[in-house]
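One structure is given below, encoded as structure tokens.
Nothing in this text is a laboratory measurement; each read-out follows from the coordinates by a stated rule. Just so it is clear, the structure is predicted and the values come from calculations on it, not from any experiment. Counting neighbours? That spans all protein chains shown, and the Cβs are built from the backbone with ideal geometry, glycine included.
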Amino acid sequence: MGKDILDIGGFTILGRVGTGARSTIYKATDEQDGNRIALKRVIFEKPEDSRIFEQIETEYRVARRVDHPYVRKCYKLRKIRSMLKVKEMLLSMEYFDGKNLEDCSTLSLGDVLLIFRMVATGLNAMHQHGFVHCDIKPNNILLSRSGTIKIIDLGQSCKIGTVKPRIQGTPDYIAPEQVRRNPLGPKTDIFNLGATMYWALTGKHVPTLIPKTNSYGLPVAPRPRRAPKEIKDQIPTGVSKLVMDCIEDDPAKRPRNMMAVISRLDLKVHSIFGGKIRTNKSASNDS
């Protein structure tokens, strides 16, 4: 085990926020500038933990390149060594007081559309900087009480056009090209976004190329994909169509880019809210 987090200089720990894969997130203060931060601590315990370390470094590197209000910033990466080997990493990040979408159970259709418009805007900024997130899912979208969002966990992000040597992604939201280990690009994020919208609208997961298993560990035959409107009739046809277009298996059949998704979401938002809301055009064109 690494040092006790409370004994590491430079940060004042205020409390634990949560835990993830081999990591613990703390709310803290950076003693150098007095800013409130989120501090991710990862400890090397097994050989396979080297992948987690790689993801931490990726998250830091990509977040430092993408400056957008909907993408969580990273500030400092500290490596703690023992016997010349890195045994622990500390990543200081922007603190955001919010809950992930999986814990937000009372969202209206309008809420969902506004949230995913913001997510699409943040992803578009990443694409403009040459990166793909590759792991959009409910747990990686934080929502504050004021209604704004942060895209988090950039550990699986990569440059547009990357071919990964192994399958990476979350089974319920993973795009076919991630499973087939084909080149990844903005349309990968469009699939992940569509699969996440599908869940947010219906409470169900899109069948993906990762086979489901039963309680005995045996594969279960995939279900046919049903449009969101077939599951919940109150979902507008246009919204259901947008989601199904995003989750086309063939990337060529998905919307041409994230701006096309944003434009279609804008139409649906305005059809619901009319003149009551003005979307932030500067954000959608950012970067």
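Roughly speaking, what is the stretch gain from residue 205 to residue 218, that is 0.36 nm per residue apart minus the C-alpha to C-alpha distance, in nm to one decimal?
2.8 nm
If the limit is 23 Å between Cα atoms, which of 212/268; 40/212; 87/159; 76/164; 137/268; 99/164 go over it? Before the final figure, lay out the partial values.
Values: 212/268 33 Å; 40/212 31 Å; 87/159 27 Å; 76/164 26 Å; 137/268 21 Å; 99/164 30 Å.
Listed pairs above 23 Å: 212/268; 40/212; 87/159; 76/164; 99/164.
For region 150-287, what is the Kirkwood hydrodynamic radius in Å, using each pair of distinct C-alpha atoms?
With all distinct Cα pairs of region 150-287 included, I get 16.5 Å.
Can you list the lysines whose alpha carbon is less than 18 Å from that of residue 85, not counting same-chain residues fewer than 8 positions off?
Filter leaves 3, 46.
For residue 100, list long-range residues whose amide hydrogen, built 1.01 Å from N in the peptide plane, is under 5 Å from its own amide hydrogen.
Long-range HN contacts for residue 100: 143.
Tell me, what is the percent relative contact order of region 33-130, built from C-alpha pairs under 8 Å that lie six or more residues apart?
The normalised contact order for region 33-130 reaches 32 percent.
Taking only the C-alpha atoms, wrap a convex hull around region 6-150 and report its volume per residue in Å³ as a whole number.
On the way: hull volume 18.4 nm³, N = 145.
Convex hull of Cα atoms, per residue: 127 Å³.
Based solely on its DSSP helices, what 222 nm [θ] is calculated for the chain when runs of n ≥ 4 H residues each add -39,500 (n - 2.57) and the sum is averaged over all residues, nearest 500 deg cm²/dmol?
It lands at -9500 deg cm²/dmol.
Show me the ranking of peptides 22-34, 221-233 by mean Cβ neighbours inside 10 Å, starting with the highest.
Top to bottom by mean Cβ count within 10 Å: 22-34, 221-233.
Please compute the Cα-Cα pair-distance distribution of the chain with 5 Å bins starting at 0, giving whole percents from short to long.
Per 5 Å bin, starting at 0, the Cα pair percentages come out as 1, 5, 12, 15, 18, 16, 13, 10, 6, 3, 1, 0, 0.
Sequence-distant or interchain residues sharing an amide H contact under 5 Å with residue 75, placed H: which?
So residue 75 has HN proximity to 92, 93, 94.
Suppose every K and R has +1 on its Cβ and every D and E has -1 on its Cβ; what is the size of the dipole of region 5-94 about the Cα centre, in Debye to the nearest 20?
The dipole of region 5-94 has a size of about 120 debye.
Is region 73-195 rounded, prolate or oblate when judged by the Cα gyration tensor, a ≥ b ≥ c being the square roots of its eigenvalues, rounded requiring a/c under 1.5 and prolate requiring a/b larger than b/c?
oblate
Which whole-number percent gives the relative contact order of the chain, counting Cα pairs below 8 Å spaced six or more residues apart?
14 percent
Quick check: from the Cα gyration tensor, does region 62-140 come out rounded (a/c under 1.5), prolate or oblate?
Prolate, since a/c reaches 1.5 and a/b exceeds b/c.
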